[in-house]
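Colleague: Dropping the structure in here first, questions after.
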């Protein structure tokens, strides 16, 4: 009998990237999900919801969730490219766009019914609505003053789309010049801040976000190829500490001047600190996946990952709705009101996710379910 795929993987040299298949190796029929990545992604998404609901700026420092989300996506993208090549790009877009279209139909309909009649202030005018279909740029919102709640979170999907489309040439460059590519990605936000390099024009916002989080995406590649683990500690530790110290110093300097220490509002510091945090998390591979041995926790992690796009897209609109319902639109809030607001946001987001989240199953070519259940893992 021929050797199984698991036998072949176990016989690989430790330095061989996990997802690189030899000419005699056919892709397996089904991918076993990485519990560690799923758990970290669920934790990052939970942090995003809590941060937006309660407005705690210190959360952006303790847990830079957006950088970790980009890094995990980069690692999974590298694995998909190794398995299926260019088809991986279309697969990612197929999973991303249908949930966005559900939001688009709902949001644009509500905005029009509530009085959106003015042409978007842009050279493209009403053609800006195209970005609700393919989010190359953040699409417009109009009509009522709360309409921005539908588009406030779309910057992440826009940057994600750009990185997915660029992922194949980025992975090729990374594998040819790994450390040089990482160095350029870390230097780019610094160069942008000091105007050594400038981004202007119509696409300035998405390209700036790609520059801010591109280093995290590449660290995901490094995680997939096991480069972070192979880097000696005497080199890894000083690099990560230097990134963290520079970021902390810059955050304090800018934050003191503008009276705002939210690292999301300091792009250069955000990029460097996110890279330091992500590199440490991915190198040491904390045994967070062990929590999935708890049955209810495993089901919760699976549910959040199966509905991650829907939760992300809708939670901010649900936050604005809950804030108006509870008259909790100012920050900071008393403890009791904060708890009530968070509970309302979770309840509303869960309700809308139950209503439209099954679209993610169709996009992923799974049987649609109101409440997805985890598969039994081998």
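Colleague: So the check is Cβ under 8 Å with 6+ separation or different chains; which pairs have a first residue in region 325-353 that's under 23 Å from residue 45 (Cβ atoms) and a second one that's at pLDDT 95 or above and not in a helix (DSSP H, G or I)?
Modeller: 353/307
Colleague: While we're on this one: Can you work out which of the residues in region 258-284 that are at pLDDT below 90 and surrounded by fewer than 17 Cβ atoms within 10 Å (Cβ to Cβ) is nearest to residue 216 (Cα to Cα)?
Modeller: Looking at the filtered set, the residue picked out is 284.
Colleague: Taking only region 193-222 into account, find how many residues are within 17 Å of residue 161 (Cα to Cα) and in a helix (DSSP H, G or I).
Modeller: Of the residues in that region, 17 qualify.
Colleague: Taking region 327-354 as the region of interest, how many residues are closer than 19 Å to residue 149 by Cα and either modelled with pLDDT of 95 or more or surrounded by fewer than 15 Cβ atoms within 10 Å (Cβ to Cβ) (or both)?
Modeller: Count: 17.
Colleague: Considering region 285-302 alone, what residues qualify as being crowded, with 19+ Cβ neighbours inside 10 Å and over 17 Å from the mean Cα position of the chain (by Cα)?
Modeller: Of everything in region 285-302, just one residue is crowded, with 19+ Cβ neighbours inside 10 Å and over 17 Å from the mean Cα position of the chain (by Cα), namely 292.
Colleague: Ok, one more. In region 143-155, which residue that is in a helix (DSSP H, G or I) and within 21 Å of the chain's Cα centre (by Cα) is surrounded by the fewest Cβ atoms within 10 Å (Cβ to Cβ)?
Modeller: By that ranking, first place goes to 148.
Colleague: Would you pick out the residues in region 106-121 that are part of a loop (DSSP other than H, G, I, E, B) and within 12 Å of residue 144 (Cα to Cα)?
Modeller: Within region 106-121, 114, 115, 116, 117, 118 meet the criteria.
Colleague: Within the group 100, 93, which residue is surrounded by fewer than 17 Cβ atoms within 10 Å (Cβ to Cβ), in contact (Cβ under 8 Å) with a residue 24 or more places away in the chain, in contact with a helix residue (DSSP H, G or I) (Cβ under 7 Å, 6 or more places away or on another chain) and closer than 20 Å to residue 306 by Cβ?
Modeller: One residue alone meets the criteria, 93.
Colleague: Restricting the search to region 290-313, which residues are part of a helix (DSSP H, G or I), out of contact with any helix residue (DSSP H, G or I) (no Cβ under 8 Å at 6 or more places or on another chain) and either free of Cβ contacts under 8 Å to residues at least 40 places away in the same chain or under 14 Å from residue 43 (Cβ atoms) (or both)?
Modeller: Correct list: 290, 293, 295, 296, 303.
Colleague: Go through (1) within 29 Å of residue 100 (Cα to Cα); (2) in a helix (DSSP H, G or I); (3) out of contact with any helix residue (DSSP H, G or I) (no Cβ under 6 Å at 6 or more places or on another chain) and name the single condition residue 337 misses.
Modeller: (1)
Colleague: Now a separate question. Scan region 42-51 and give yes if some residue there is surrounded by 14 or more Cβ atoms within 10 Å (Cβ to Cβ), touching a helix residue (DSSP H, G or I) at 6+ places or on another chain (Cβ under 8 Å), under 25 Å from residue 182 (Cα atoms) and at pLDDT 95 or above, otherwise no.
Modeller: Scanning region 42-51 turns up at least one residue that is surrounded by 14 or more Cβ atoms within 10 Å (Cβ to Cβ), touching a helix residue (DSSP H, G or I) at 6+ places or on another chain (Cβ under 8 Å), under 25 Å from residue 182 (Cα atoms) and at pLDDT 95 or above.
Colleague: Check region 215-225 and report whether any residue there is farther than 23 Å from residue 63 by Cα and within 21 Å of the chain's Cα centre (by Cα).
Modeller: Yes: one or more hits.
Colleague: Looking at 210, 158, 165, which is the one that is under 30 Å from residue 310 (Cβ atoms), within 16 Å of the chain's Cα centre (by Cα), modelled with pLDDT of 95 or more and surrounded by fewer than 19 Cβ atoms within 10 Å (Cβ to Cβ)?
Modeller: 165
Colleague: A further question on this structure: Within region 161-174, work out how many residues are farther than 12 Å from residue 210 by Cβ and in contact with a helix residue (DSSP H, G or I) (Cβ under 8 Å, 6 or more places away or on another chain).
Modeller: 4
The values are calculated or read from the model by the stated rules, or taken from the named source; none is laboratory data. Note that the structure is predicted; figures quoted are calculated from it, not measured. For neighbour counting, all protein chains shown are included, and Cβ atoms are generated from backbone atoms with ideal geometry for every residue, glycine included.
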